[in-house]
Amino acid sequence: MTASNSPLIIFQPSGRQGRVQTGITLLDAARQLGVDVDSVCGGRQTCGKCKVIVERGEFAKYGIQSAEAHVTPASADESDYFRRHPSKLSTGGRLSCVACITDDVVITVPPESQQRKQVIGKNAGTRPIEIDPILHQYYVEVEPHALGERRGDWERLQEALAREWHLQHLTIDITALRQLTNALKAGKHKVTVTVHGEENQEPRTKSQEPIPNPQSLIPNHTSGRVLDVRGGFHEGLYGLAIDVGSTTIAAHLIDLTTGETLATEAAMNPQVSFGEDLMSRVSYVMMNGNDGLRKLTESVIGTLNTLIEKAAKRAKIAVNEIYEAVIVGNTVMHALLLGIDPTELGAAPFTLSTHAPIDVKASELGLRLHPAANVHLPALEAGHVGSDNLGVLIAEAPERQDAMTLLIDIGTNAEIVLGNRNGLWSCSSPTGPAFEGGQISHGQRAAPGAIERVRINYATGEPRFKVIGKDEWSDALPDADIGATGICGSGIIEVVAELFRAGLLRSDGRFIENLELKIENGKLEESNPQSSIPNPRSYMRWHGPKAEYVLATAAQSATGKDIVITQDDVRNIQLAKAALHAGCKLLMLGMGVSKVDKIVLAGAFGSYIDPLHAMVLGLIPDCDLATVVAVGNAAGDGARIALLNKTRRAESAQLARDVNYIETAIDPNFQQEFIGAMHLPHMTDPYPTLQALGALPAKSANEPDGRSARRERRRERQEKF
Ligand code: FES
């Protein structure tokens, strides 16, 4: 067989090659060889998605000469397409649906023309995502209505979609049906159809053999729903990935054909005004009934609509081109978004309305997207482990790894997962608002002016710090230029860890002084401030038995008042970190491991935590510091993945069911682990990594002796933690 009637075609970058019949289109040749090339308009030279590059020159590796002349010349329509879309014009660029092969040729399929392209987002996460959304658009020509014809427009559209795109068993949304007749008229029987649904096409990998069926890359829907019909060729398929957090809401507007994040908008969750943390919002509903529930639901829907409008405006698209939204959140946010009474989540056994994924029309929720748009809420894992945690799992995929990975998403509730390909365990720990600045005397959210970094001179006890919005540390600025307004979560962690490292705090969290003696009976049992600091009081003040550490002076603050850390602040941080640590320990018990290989800090807060200080505090278990990583808003990234890849979306529902769950509120070991974790970094657990780094104060100087440990345990019981 000669090259003239059976030329060799090689596709790059896949390297797939084979001999094909002279005269077939490059697109058909690609499909015969199982090469992934996109197509929306069905070869009408309208969409440009099928563009490929015809390479020129000698390809010794394949033993062929490739040239633009080895495919048929551009037709008038193809030339017209490139004239109308000059940005698509490139050397050797051809529409593969029309260029036919005449001789041996090497073809490059550029990334934007691959149907299942990978994208790495610029604005929202950097994880590669294979683009394979649940929505597709098809350009199709419908037979005109003939005299005496009994079929309606919808029946003829179904037939055209089956003939040209192999779409079967479709239904049509009422909003699309209302558009249909006019769209056919406007487009002279050519329309663009948006279909939402599953495909029965088997996913392929690059290692698989070429698929012989030329139509094998055409999606074949088995349960699709037509959402929209527009006259003529229309491009515009967008979706939203939304993370509804207790404190903030972030919405990413994404082009579903390219995976590109076009706009990201965020706002405070307006429900904060009804209650700072989850339980106070549940209480609000309990006290105010349906009216309270309606207010909480309306407030979050209103904010989402504002974010959607802003994002669409920023991306210069119409809101009614947004056909899909994936929303993740904790279980209380999930219930309040859907208008479901969350009261049962306020107390054990924390009953969910459903743990299954939910698909609901956006219009039913009051979200202003395309009127037929779908909202997908991924599965919930358990009573207090929501779809935001599932989003973290989708993004990080610990179930595909060997490393024993601990995933921690810190908020007012910390959601924690531990495991690897041998199994996953999850739990939720009630950390409270301390890490977000709540219940801390001068705590505040991360905002300009907030102290975010702290270092203490271990010889003198003198602090220096850095505020958000200033590049320099406080000791490099005149006092009047610092303008500290308070301390945000990362600063709180650092100041407590630094106080401990400086020897100003004992491992039981008490400021070094004769505090214990005053509380007990004034007897000087531990008379010496064990700190090596000559005069720690110069940065400390005492109010009776309680101490406070002056972090920023009145001159350095924007409020004209000292910014201090009090004994109660330290206590609240201890309570929060002990809850988190105890949750980690329960999961380690569940998995039967005594150490973890890797710690992943998810969420915005996790990005700002210094791993060393977090470990000194005992917030996280001992682990090689090099393997402690912050991954940003992994929950939001998981929502993006579920939006852009229907297979990962489907898999996540099973993943949620496969995760073992520990209910911390009723676990008999929680209290014991909690008490041990109150100490810095822990009452009994060794921290060999910190010891090796010399990051802990000398044990003899700070560890309570047996007597004070007993006293501590007695006090713990009295305070009923
Ligand atoms: Fe649309 Fe080729 S498939 S231009």
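Computed from the coordinates by the stated procedures, all read-outs in this text should not be read as laboratory data. A quick note: this is a predicted structure, and the numbers were derived from the prediction, not measured. Positions of Cβ are backbone-derived with ideal geometry, glycine not excepted, and every protein chain shown enters the neighbour counts.
Figure the gain on full extension for Thr171 and Gln654 (residue separation times 0.36 nm, minus the Cα-Cα span) and round it to one decimal in nm.
Extending this stretch completely gives an extra 171.2 nm.
With 20 Å as the limit, write out which pairs from Lys51/Lys185; Lys361/Lys646; Lys49/Lys88; Lys51/Lys88; Lys466/Lys561 have Cα-Cα distances beyond it, or answer none. Don't skip to the answer; put the middle values down first.
On the way: Lys51/Lys185 29 Å; Lys361/Lys646 18 Å; Lys49/Lys88 10 Å; Lys51/Lys88 8 Å; Lys466/Lys561 17 Å.
With Cα atoms farther than 20 Å apart: Lys51/Lys185.
Using only the Cα atoms of the chain, what do you get for the radius of gyration and for Dmax, in Å?
For the chain, the Cα radius of gyration and maximum Cα-Cα distance read 30.9, 107 Å.
Could you work out the local net charge near Asn182, counting Lys and Arg as +1, Asp and Glu as -1, over the other residues with Cβ closer than 14 Å to its Cβ? Mind dumping the intermediate values first?
Details: positive: Arg178, Lys185, Lys188, Lys190, Arg230; negative: Asp153, Asp228.
Within the 14 Å Cβ shell, the charges total +3.
Just to confirm my numbers, what's the Cα centroid distance between the stretch 20-59 and the stretch 462-491 in Å?
Here the two parts' Cα centres lie 59 Å apart.
Express the relative contact order of the chain as a whole percentage, based on alpha carbon pairs under 8 Å and six or more residues apart in sequence.
Values: 1590 pairs, mean separation 77.0, N = 721.
Averaging sequence separation for qualifying contacts and normalising by length gives 11 percent for the chain.
Kyte-Doolittle mean at least -0.5 and Cα extent at least 27 Å along the axis: which DSSP H helices of the chain qualify? Numbers along the way, then the final one.
Values: long enough: 278-315 (41 Å, -0.04); 567-591 (36 Å, 0.30).
Going by DSSP H runs, the hits are 278-315, 567-591.
Alpha carbon centre of the stretch 138-197 versus the stretch 90-116: separation in Å?
Here the two parts' Cα centres lie 30 Å apart.
Kindly work out what percent of the DSSP beta bridges joining two residues of the chain are antiparallel, to the nearest 5.
On the way: 75 of 108 bridges.
Approximately 70 percent, going by the DSSP bridge assignments.
Quote to one decimal, in nm, the extra length available between Asn422 and Ile358 on full extension: 0.36 nm per residue of separation minus the C-alpha distance between them.
Numbers: separation 64, 0.36 × 64 = 23.04 nm, distance 2.81 nm.
Computed gain between Asn422 and Ile358 is 20.2 nm.
Just add up the charged neighbours of Arg151: K/R +1, D/E -1, any other residue whose Cβ is under 12 Å from the Cβ of Arg151. Write down the numbers at each step before the final one.
Working: positive: Arg150, Arg156; negative: Glu143, Glu149, Asp153, Glu155, Glu159.
Result for the local shell: -3.
Rule-of-thumb check for the stretch 540-660: C-alpha Rg over 2.2 N^0.38 Å?
On the way: Rg = 19.9 Å, N = 121, 2.2 N^0.38 = 13.6 Å.
Rg over 2.2 N^0.38 Å, computed on Cα atoms: 1.46.
Quick one: if the Förster radius is 25 Å, what FRET efficiency do Met287 and Ile666 give, using the C-beta to C-beta distance and rounding to 0.05?
Working: r = 25 Å, r/R0 = 1.00.
Here the calculated transfer efficiency is 0.50.
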